[in-house]
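The values are calculated or read from the model by the stated rules, or taken from the named source; none is laboratory data. Treat the numbers as computed from the prediction; the structure is a model and nothing was measured. With ideal geometry, Cβ positions are generated from the backbone for all residues, glycine too; neighbour counts draw on all protein chains shown. Ligands, DNA and RNA are stripped out before the accessible areas are found, and what is left, the full protein with its side chains, is counted by its heavy atoms. Shrake-Rupley method; radii C 1.70, N 1.55, O 1.52, S 1.80 Å.
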Amino acid sequence: MAGKRVRTICFECHSRCGVLLDVENGKVAGIRGDKSHPHSRGYICPKGKACMEIMYHPDRILKPLMKVGGKDSGRFEEASWEAALDAVAENLLAVKDKYGPEAVVFGSGTTRGMAPYLNRFLALFGSPTFMAPSNMSGGPIVMGSAATCGFTLVDPDYANSRCILLWAHNPEASWPGLYMNDINDGLKNGAVLIVVDPRQTRLAKKADHWLRIRPGTDTALILCVINTVIQKGLYDKDFVENWCAGFDELAEHVSGFTPEKTSSITWIPAKEIEAAAEAFAQSPPASIGPGMGGVCQHNDAFDLCRALTILSAITGNLAVPGGNLQCSPPTRKRSCYGSDYDAFSNLPEAQANKKLGLDRFPLFRFIPIPTPPQAVWPAIESGDPYPVRALGLFANNSVCAYPNSQRVYNALRSLDFLFCVDYFHTPTTALADVILPPAHWAERDDIEDLLMKNHVMAQPAAVDPLPECRDEKQILIDLAGKMGMEGYWRSVGEVLDDRLAPLGVTWREFKEMERYSTPVVHRLYERKGGFRTPSGKVELCAEYLKGLGIPSLPEFREPAESPASRPDLLEEYPLILTTGGRLLVYYHSSHRNIASLKKRAPDPELQIHPETAATLEIQNGEWVKLSSPRGAVRIKAVFDENIHPQVVHAPHGFWYGVEEGWKRLNINMLTDDENMCPVTGSVPIKSLLCRVEKESRH
Ligand SMILES: Nc1nc2c(c(=O)[nH]1)N[C@H]1C(S)=C(S)[C@@H](COP(=O)(O)OP(=O)(O)OC[C@H]3O[C@@H](n4cnc5c(=O)[nH]c(N)nc54)[C@H](O)[C@@H]3O)O[C@H]1N2
Ligand SMILES: Nc1nc2c(c(=O)[nH]1)N[C@H]1C(S)=C(S)[C@@H](COP(=O)(O)OP(=O)(O)OC[C@H]3O[C@@H](n4cnc5c(=O)[nH]c(N)nc54)[C@H](O)[C@@H]3O)O[C@H]1N2
Ligand code: SF4
Ligand SMILES: [Mo]
């Protein structure tokens, strides 16, 4: 077969870079960046370059597998698709018969495009619960900003900014293809750079203002920044007067957060806080990049995210060029998290009301985000509020991804039925009864509209799936068929046509078009006569939230496990632990078996100040024991002169290549899933207490 080149979208991470795939003899033989892609502009990272290594890896699961020898055997036998899907269908229907459809939950990890297809399936099956880590990954930003201004603060217009504020965000590692070209353009044009991060990342090194914050005290800092802007009269008086509600209440509320008091909470010198606040307010237009992980993993994540929105609003930076843009996917209600598919929005009320998490997080009713895993575990463990007995996990390594891994492991192990869909074996698939092999992203047709600003992109397959691997949409279609389910799509073409209907094109046409874009409208609120909030204004003081038991103004909450809140733990656990700063070469717990990537970051490294290490007689590069009140792991101490001596940082996602690696290397053996944000369900995995000691000492 003659070679061809296919323009598509890389799916190895959320940046969704444009790529060109060279195809030879029915296989992907080369990958390069696509210069015509509006965000990545030709960029491609090592994970993208590893595409062929991933696709044709000897460990890729190539056939359906069924467990033999009992739950804990870890052994599987190859099965036909027919037999494997029969087993899934029978087990899901048996659970439905015995406990009701809500006893079956589907979950997905970080968004890999599956939300519409899984949700529609759940809606027709009758279960309202789609589980995903949104509570620790973007959900609090969606909820905090939507509750305040009616849209989401995830589209900073960095390229046109005069000031870029990266708050708990390191896009150089986490979103290089999506954000870094724009950030670099902004910086080249002279934008001021402010970075709020306990670690001195490379971007923090470049920054005009690096605020080295004590982990978990971000809300105190942002309230002080707001206070400083108000006290110094640096806010946008016109915008506040015409488009904001509750300014006086806000001003009064934040007045206690003086730079001096805030300095004692955050450990940042008062002068530095003031200087950064002034720089932000005095360099319009200014944009805020909230870290999708960094601001979403705190027990006051909702308040932090709405306060960030408030800062953008009172400085006149909402929905303007160079500020934070108001974008919505052109696919509208048929976008990745669109309401046309969402199980909760499409089930009869009585059944929708059973969505797990709703009872504890009432705002989910109005701003639906997927159910936090932590709201599913009690239903599995003790039938609270009703039993969940079967789980289907698509692209999710729950055991390593979610805090308190031992609890997650025990919960999954106790299910009546677990099936997983993954490229590779993981500690989570080991617990499955059935494993199904998905097609790789280069082997499936799809569309991409999540975080793509005003664009929808075609992601056509470059090659056919390896013989027994299946497009996950097809897996769901086949499963629906087995169950005799009415109303689910009948072909992948039909699925994609349905999603593209708002654009008035079919998949066949769209594939040729490659991309569809709508203009970004600035100051949409002027056209619409207001913001999409109860008062029609930016809710600086959101009175309406009181009805849901949520304070109307953002409040700082000391982390539940910190030197200030738990002095009783300090003797045993004297250091502050933050986790999960991204490594460019890995996506969460994935890619650990990919040799070209593994060699670039072979071991989990604990960033620790050399003085702290010295008091513990620990050498640079030495493997140490890191513990928290919940567990302990092995990790390699690596000196970092710029981190605060009482703070350490550990990456997440390590487990591969070591027996029981999920217990020995995985940082989530240490993390807490109890002290959640009461509004968003966020988990406090960026601020905990820990102890570091030599391995030999027990
Ligand atoms: N301590 C700590 N823990 C964290 C975080 C942190 O900062 N600190 N971050 C959290 C965040 S923000 C998130 S989003 C979660 C992420 O959690 P997960 O999404 O569960 O993370 P992954 O480890 O990437 O696991 C995904 C699995 O999907 C498989 N996979 C990849 N592509 C596909 C595909 O197209 N189809 C299928 N079926 N499978 C595929 C991979 O092989 C891998 O085994 O982790 C969270 N965990
Ligand atoms: N290469 C790669 N890219 C990824 C991922 C990946 O696993 N690998 N995961 C993707 C996903 S699902 C997500 S959600 C995003 C997350 O990516 P980001 O939004 O960038 O978030 P994180 O990397 O979790 O944290 C960002 C920064 O916050 C800092 N930080 C830690 N604790 C605190 C704190 O208490 N306060 C403040 N202000 N800063 C703190 C960390 O030091 C880190 O530098 O990345 C995405 N991109
Ligand atoms: S940053 Fe890398 S992994 Fe992510 S989409 Fe771009 S090329 Fe793919
Ligand atoms: Mo995430």
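List of remarks:
- Of the residues screened, Trp167 is not one that is under 18 Å from Glu274 (Cα atoms), open to solvent by 30 Å² or more (accessible area, probe 1.4 Å) and within 16 Å of ligand 2 (Cβ to nearest atom).
- Residue check, Ile268 touching a residue at least 12 places away in the same chain (Cβ under 8 Å), of a type in the set (A, V, I, L, M), more than 17 Å from Leu153 (Cα to Cα) and within 11 Å of ligand 2 (Cβ to nearest atom): yes
- Filter result for Gly186 (open to solvent by less than 10 Å² (accessible area, probe 1.4 Å), away from ligand 3 (no atom under 16 Å from the Cβ) and either modelled with pLDDT of 95 or more or part of a strand (DSSP E or B) (or both)): yes
- Which listed residue, of Glu82, Glu78, Glu90, is open to solvent by 60 Å² or more (accessible area, probe 1.4 Å) and touching a Leu at 6+ places or on another chain (Cβ under 8 Å): Glu78
- Candidate set: the stretch 16-29, residues that are under 26 Å from the mean Cα position of the chain (by Cα) and open to solvent by less than 10 Å² (accessible area, probe 1.4 Å); chosen: the one farthest from Glu514 (Cα to Cα): Arg16
- Condition check for Asp498 on (1) touching a helix residue (DSSP H, G or I) at 6+ places or on another chain (Cβ under 6 Å); (2) surrounded by 15 or more Cβ atoms within 10 Å (Cβ to Cβ): one failure, at (1).
- Residues that are touching a residue at least 24 places away in the same chain (Cβ under 8 Å), open to solvent by 10 Å² or more (accessible area, probe 1.4 Å) and away from ligand 4 (no atom under 12 Å from the Cβ), drawn from the stretch 131-154: Val142, Ala146, Gly150, Phe151, Val154
- For beta carbons closer than 7 Å, sequence separation of 6+ or different chains, a first residue in the stretch 271-284 that is of a type in the set (D, E, K, R) and a second that is part of a helix (DSSP H, G or I), the qualifying pairs are Glu274/Thr228; Glu274/Pro259.
- Residues being within 16 Å of ligand 4 (Cβ to nearest atom) and surrounded by fewer than 22 Cβ atoms within 10 Å (Cβ to Cβ) - total across the stretch 395-442: 1
- Verdict on Pro215 being touching a residue at least 24 places away in the same chain (Cβ under 8 Å), under 22 Å from the mean Cα position of the chain (by Cα) and not assigned by TED's automatic domain parsing to the domain that holds His588: yes
- Single residue of the stretch 575-591 satisfying the filter (surrounded by 21 or more Cβ atoms within 10 Å (Cβ to Cβ) and aliphatic (A, V, I, L, M)) that is nearest to the chain's Cα centre (by Cα): Leu577
- Listed by first and then second residue, the pairs linking a residue in the stretch 557-569 that is over 16 Å from Thr262 (Cβ atoms) and not assigned by TED's automatic domain parsing to the domain that holds Ser682 to a residue that is among the polar types (S, T, N, Q) and crowded, with 17+ Cβ neighbours inside 10 Å, with Cβ atoms under 6 Å apart and 6 or more places separating them unless they lie on different chains, are Ala560/Asn299; Ala560/Asn675.
- Residues of the stretch 30-50 that are away from ligand 4 (no atom under 16 Å from the Cβ), within 22 Å of the chain's Cα centre (by Cα) and not in a loop (DSSP other than H, G, I, E, B): Pro46, Gly48.
- The residues listed here are Ser345, Ser283; of these, the one that is surrounded by fewer than 24 Cβ atoms within 10 Å (Cβ to Cβ), of a type in the set (Ser, Thr, Tyr) and under 25 Å from Gly549 (Cβ atoms) is Ser345.
- Answer residue from the stretch 526-556, given it is hydroxyl-bearing (Ser, Thr, Tyr) and either assigned by TED's automatic domain parsing to the domain that holds Pro629 or assigned to a loop (DSSP other than H, G, I, E, B) (or both) and is surrounded by the most Cβ atoms within 10 Å (Cβ to Cβ) among those: Thr533
- Scoring Ile594 on the criteria (1) more than 16 Å from ligand 3 (Cβ to nearest atom); (2) farther than 26 Å from Asp673 by Cβ; (3) open to solvent by less than 30 Å² (accessible area, probe 1.4 Å) leaves a single failure, condition (1).
- Considering the stretch 393-470, there are no qualifying strands (runs of 3 or more DSSP E) wholly inside with 1 or more residues that are assigned by TED's automatic domain parsing to the domain that holds His37 and free of Cβ contacts under 8 Å to residues at least 60 places away in the same chain.
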